[in-house]
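A short worksheet on the structure shown next.
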Ligand code: NAD
């Protein structure tokens, strides 16, 4: 199978001045895309701004013969970022929402500002840029979006209530968009990456950082955001250091109890409610639960 190219495609990547987004931008530039390199150049905690990081990535892409333009707007102003891409390149095919910051503190020490800025940058930022991109993709009947979550959003991490809440929100946002977009050929997936960057360089040893080079994340972006992907939508992909996998929800077989439900019945069935070794299900929508309710009500009617 040959490498996937993105000639004549316009790709917007937020937070592409450093870290993972930088690797993504250089990759798409090499694969023929016209790349809008967005980055406001802020510190890890969201303070200050600096245009040089986006500029440097654009210079790198151009030095390799690629096409790119720098954008320094905050992801809180999604319409400006998308407007810039349209003004510069006239269309939009791929959006990678990747920008992010950290304010790690245990909840007892977290301030209102620490909560707001992290949730706003990740969750509102992802919404804001996507909201601006959406009508363009709907009208043209084509779009590929990858939003960035984190293991914190899926599993929780000590000291990251703000970040985890935002990253979990991005999962729900993306799974909903995947349902809204599929009829318009807009496919939306979630990437859960781990890669070497300023976010990880203080918590991982140098040999591990070498092993989790963000350049190894670009192949899955290529597969998900290429026009040849016509099927993979609403997925959550965990990727790092050459490992790639998909995550999904799992529900225990559970129990259907008589109504009105007694505490003693829940207690009696508690082991089964919690038991994943039985006939598990993998729900993908609210209807999966409603079907269970319906089944139980029909069972009770026949009693
Ligand atoms: P990074 O700090 O190296 O890069 C993030 C970039 O986003 C920075 O260059 C920053 O200037 C930019 N940015 C921040 N706020 C912005 C704003 N409001 N507008 C525009 N740009 C803004 O971080 P990274 O490790 O490359 O992380 C990239 C994404 O991956 C983030 O969403 C992060 O939460 C997620 N993630 C990273 C890891 C990891 O292992 N590095 C793990 C899980 C999730």
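Since every read-out is calculated from the coordinates, none of them should be taken as a lab result. Keep in mind the model is a prediction, meaning the values are calculated, not measured. Note that we place each Cβ from the backbone using ideal geometry, even for glycine, and neighbour counts take in every protein chain shown.
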Original post:
Using mean Cβ contacts within 10 Å as the protection proxy, how do 115-122, 16-23, 272-279 order, highest first?
Top reply: 16-23, 115-122, 272-279
Original post:
At a Förster distance of 51 Å, what's the computed FRET efficiency of residue 43 paired with residue 263, Cβ-Cβ distance as r, to 0.05?
Top reply: 0.50
Original post:
By DSSP, what percent of the beta bridges with both residues in region 145-270 are antiparallel, rounded to the nearest 5?
Top reply: 40 percent
Original post:
What's the Kirkwood radius of region 25-160 in Å, using all Cα pairs?
Top reply: 16.0 Å
Subject >> Long-range Cα-Cα pairs in region 1-86 (distance over 20 Å), rounded percent >> reply: 28 percent
**OP:** Please report, in Å, the Rg and the Dmax of region 84-189, where both are computed over Cα atoms only.
**Re:** 15.2, 48
Subject >> Ratio Rg/Rh, restricted to region 114-251 and using Cα atoms, in which Rh is the Kirkwood radius >> reply: 0.98
**OP:** Provide 126, 200, 111, 49 in ascending order of the number of other Cβ atoms located within 10 Å of each residue's Cβ, fewest first.
**Re:** 111, 49, 200, 126
Original post:
If the chain between residue 288 and residue 59 were fully stretched, how many nm would it gain, using 0.36 nm times the residue separation less the Cα-Cα distance?
Top reply: 77.4 nm
**OP:** Only bridges with both residues in the chain count here: give the DSSP antiparallel percent, nearest 5.
**Re:** 20 percent
Original post:
Using just the C-alpha positions of region 222-296 as equal point scatterers, what log10 of I(q)/I(0) does the Debye formula give at each q in 0.28 1/Å?
Top reply: -1.32
Subject >> Inter-part distance where region 199-215 and region 1-30 are each reduced to a Cα centre, Å >> reply: 21 Å
**OP:** Would you give the gap between the C-alpha center of region 264-303 and the C-alpha center of region 83-101, rounded to a whole Å?
**Re:** 44 Å
Original post:
If you bin the C-alpha pair distances of region 119-165 every 10 Å from 0, what whole percents do you get?
Top reply: 24, 41, 24, 10, 1
Subject >> Angle in degrees between helix 286-301 and the longest Cα principal axis of the chain, rounded to the nearest 10 >> reply: 10 degrees
Original post:
With the Cα gyration tensor of region 136-188 giving a ≥ b ≥ c as the square roots of its eigenvalues, does the rule (a/c under 1.5 for rounded; else a/b larger than b/c for prolate; else oblate) give rounded, prolate or oblate?
Top reply: prolate
Original post:
Expressed in nm², what is the orientationally averaged projection area of the convex hull enclosing the Cα positions of the chain?
Top reply: 19.7 nm²
**OP:** Specify the residue with the greatest mean-square fluctuation among 41, 285, 241, computed from a Gaussian network of the chain linking alpha-carbon atoms under 10 Å apart.
**Re:** 285
**OP:** On a 0 to 90° scale, report how tilted helix 125-140 is relative to the longest principal axis of the chain, with both axes built from alpha carbons and the result rounded to the nearest 10.
**Re:** 80 degrees
**OP:** For region 1-48, list log₁₀ I(q)/I(0) at each q in 0.19, 0.29, 0.31 Å⁻¹, using the Debye formula over Cα point scatterers of equal strength and ignoring solvent, two decimals each.
**Re:** -0.60, -1.01, -1.09
